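*Asks:* Just dropping this structure here.
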Amino acid sequence: MAAFHYNYAVICRVPQSISNRSVGSDNYPRGVDVDKARQEYETLREVLKSLDLNIIEMVEDDNYPDCCFVDDTTVVIGNTALIARPGHISRQGEVGEIRKVLVSDLLMNVVEIKNPKALLDGGDVLFTGKEIFVGVGKRTNEAGAQAVAETFPEYAVSMVNFEKCEALHLKDVFNMAGRSVMAVAPGPDVQTVLRQMQDVASYPYQVMQMDTRMATDMLFVNGHLIHHVRNEMGDKSYGILDEKILWPRHHIQMTELAKIGGTINSLVILITRTRNPKRIISNIQDEDLGYFTMWKRGPDSVPILN
Ligand SMILES: CN(C)C(=N)NCCC[C@H](N)C(=O)O
């Protein structure tokens, strides 16, 4: 199977309201340090920019304190985007702006979930490049997993029972670190889910066992691995990466956003956008779209397509 080369990354700025209104901020009575969270986000944005990606940066919306965690709002593979239905009610409205970006700017084939009972967080969907695993647990139910299977019939889609896992999202504890290397968090609850995945997997993966949860949070994009700085993930896990990952690595900090469940992978929607024969794009070619584009009213805003 050809390796995926992503050409777009959709990200969203960190809203001020994340400080004390995000899901999970109750655990931090002193609030999240928004300036620090924004620095973390900006560092990630700069790394993504260096990786041959067109960046679509959405302006934050204080009505949605978790809006920067864009990965939960959609599942995108190829030219198709399934709009998620976040399992936490406060997050369901986030999909509106994402839908607009996917439809109007990126001209994707956008699919809506039909079953009114379905719940789906993108953070529960792990696309390995070859097949899809959907964790059914705190935020995603079976009907949500079913919607993924119906939307992407060209891939094997396996539902894994994630209910007993302590983590909130599947991608808090499983992530791709390379083309067939899967990083796995420690803990018996995670190992139980891993066994389920191994039982149903259609392809062999090399399991890279990490020794901290945070060390598992990473993003593999265009042959590069973005992960945490050494002191955040622990020396042992860092040593594992040194030994196993022979492709370029980028080290960033994510401690502030992690306080409210944020991860590196949760901040990015990666897209491989090819020409879509069903929709006509006025004379503009991908190459003309600009290196750094801004959705909505940002000061550097550049219209992507018109
Ligand atoms: C793996 N992914 C996508 C995530 N970890 N998402 C972070 C969501 C955090 C937010 N406070 C929430 O509770 O929804």
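The values are calculated or read from the model by the stated rules, or taken from the named source; none is laboratory data. All figures in this text were calculated on a predicted structure; none of them were measured in a lab. Using ideal geometry, Cβ is built from the backbone for each residue, glycine included, and neighbour counts are taken over all protein chains shown. Surface areas here come from the heavy atoms of the whole protein model, side chains and all, with no ligands, DNA or RNA. Shrake-Rupley method; radii C 1.70, N 1.55, O 1.52, S 1.80 Å.
*Asks:* Expressed in nm to one decimal, what extension gain is obtained for the pair residue 230 and residue 196 from 0.36 nm per residue of sequence separation less their Cα-Cα distance?
*Replies:* Additional length available on full extension: 9.2 nm.
*Asks:* When the Kirkwood radius is taken over all Cα pairs of the chain, what Stokes-Einstein diffusion coefficient follows at 20 °C and 1.002 mPa s, in µm²/s?
*Replies:* Estimated via Stokes-Einstein, D reaches 110 µm²/s.
*Asks:* I've got another one for you. Looking at the chain, what % of its DSSP beta bridges pair antiparallel, to the nearest 5?
*Replies:* The antiparallel proportion sits near 40 percent.
*Asks:* Ok, one more. Sort segment 1-72 into rounded, prolate or oblate with this rule: let a ≥ b ≥ c be the square roots of the eigenvalues of the Cα gyration tensor; rounded if a/c is under 1.5, and if a/c is not under 1.5, prolate when a/b is larger than b/c, oblate otherwise.
*Replies:* Details: a/c = 2.49, a/b = 2.19, b/c = 1.14.
In terms of gyration-tensor shape, prolate.
*Asks:* Still on this structure, please answer the following. On each of the three principal axes of the Cα atoms of segment 1-132, give max minus min coordinate, whole Å, ordered largest first.
*Replies:* 48, 41, 27
*Asks:* Please compute the modelled spin-label separation between residue 166 and residue 59, points set 7 Å along Cα→Cβ, answer in nm with one decimal.
*Replies:* 4.2 nm
*Asks:* Explain nothing, just the number: relative contact order of segment 43-196, from Cα pairs under 8 Å at least 6 residues apart, as a whole percent.
*Replies:* Taking the mean separation of contacting Cα pairs over the length of segment 43-196, I get 17 percent.
*Asks:* Quick one: with all protein chains in place, what share of the accessible area of the chain is carbon or sulfur, to the nearest percent (1.4 Å probe)? Display every interim value, and only then the final one.
*Replies:* Numbers: 6670 of 13300 Å².
With neighbouring chains kept in place, the figure for the chain is 50 percent.
*Asks:* Something else now. Using only the Cα atoms of segment 218-257, build the gyration tensor, take square roots of its eigenvalues as a ≥ b ≥ c, and label the shape rounded, prolate or oblate: rounded if a/c is under 1.5, else prolate if a/b is larger than b/c, else oblate.
*Replies:* Judged from the Cα gyration tensor, segment 218-257 comes out oblate (a/c at least 1.5, b/c at or above a/b).
*Asks:* With a cut-off of 8 Å between alpha carbons and a minimum separation of six or more residues, what is the relative contact order of the chain in percent?
*Replies:* Across the chain, relative contact order equals 23 percent.
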